[in-house]
1. Quick check on segment 61-105: take the gyration tensor over C-alpha atoms, sort the square-rooted eigenvalues as a ≥ b ≥ c, and tell me if it's rounded (a/c under 1.5), prolate or oblate.
2. Which distance in nm do the two modelled labels at Ala88 and Arg63 give, with both placed 7 Å along the Cα-to-Cβ direction?
3. Hey, if we sort Val62, Val52 by accessible area with the 1.4 Å probe, largest down, what's the order?
4. Please give the contour-minus-distance gain from His156 to Glu132: 0.36 nm per residue of separation, less the Cα-Cα distance, rounded to one decimal in nm.
5. Sort Ile28, Ile169 from largest to smallest accessible area, using a 1.4 Å probe on the heavy atoms of the protein chains.
6. Classify the chain from the C-alpha gyration tensor, please: rounded if a/c falls under 1.5, else prolate or oblate depending on whether a/b exceeds b/c.
7. Against the longest principal axis of the chain, how steep is helix 2-12, in degrees 0 to 90 to the nearest 10, with axes from Cα atoms?
8. Only Cα pairs under 8 Å and at least 6 apart count here; give the relative contact order of segment 35-161 as a rounded whole percent.
Amino acid sequence: MHKWLVLVVAIVLPLPAIATQLAISVTIPPLKVAEYHRPYVAAWIEREDHTVVANLAVWYDVRKADNEGTKWLKDLRQWWRRSGRDTAMPVDGVSGATRPAGQHRLNLASGSPPLGNLPPGRYELVVEAAREVGGREVLRLPFAWPVDPRAPLSVHGKDELGLVTLDIIH
């Protein structure tokens, strides 16, 4: 009888919701240039009207004295115009040091900062990179939320950014 009671309670009680995670991969390509500087990079989610839903990552020179690295964040022009000028840096869990060439991953859980509770709808993942003595590039990856788990989305940059992918993990 006790086993049946446990089974009935387990079936009747609601199961805790399993958070969906956005897995974002950003590739910074190696460049063969005389004077190489790591790029500043920002990643965020926008609605269709280009309003910012969430800042996901801002990588800049955090080691400069007196927060001097923030001076150059305005070179990330799209991000700066959309939300950067109104964002006090550093932002816990969002801002961090510049990254070297290679693949870098962000795992963001729905319901937790910085992603939060994203309502169903159409969005764009936007990744922007700007480099001193270099170029600037913005990549946009449209997606619907909740994301279709069958196919990762991707876009490839030309110079400052390589492959950017968006996938989900249950």
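The values are calculated or read from the model by the stated rules, or taken from the named source; none is laboratory data. On a predicted model such as this, the values are computed, not experimentally measured, just so you know. For neighbour counting, all protein chains shown are included, and Cβ atoms are generated from backbone atoms with ideal geometry for every residue, glycine included. SASA here: full protein model, heavy atoms, side chains in, ligands and nucleic acids out. Shrake-Rupley method; radii C 1.70, N 1.55, O 1.52, S 1.80 Å.
1. oblate
2. In this crude label model, Ala88 to Arg63 measures out at 2.7 nm.
3. Heavy-atom accessible area, descending, gives Val62, Val52.
4. Using 0.36 nm per residue and subtracting the Cα-Cα distance, I get 6.5 nm.
5. In descending accessible area the options line up as Ile169, Ile28.
6. The shape class here is prolate.
7. The angle comes out at about 50 degrees.
8. 29 percent
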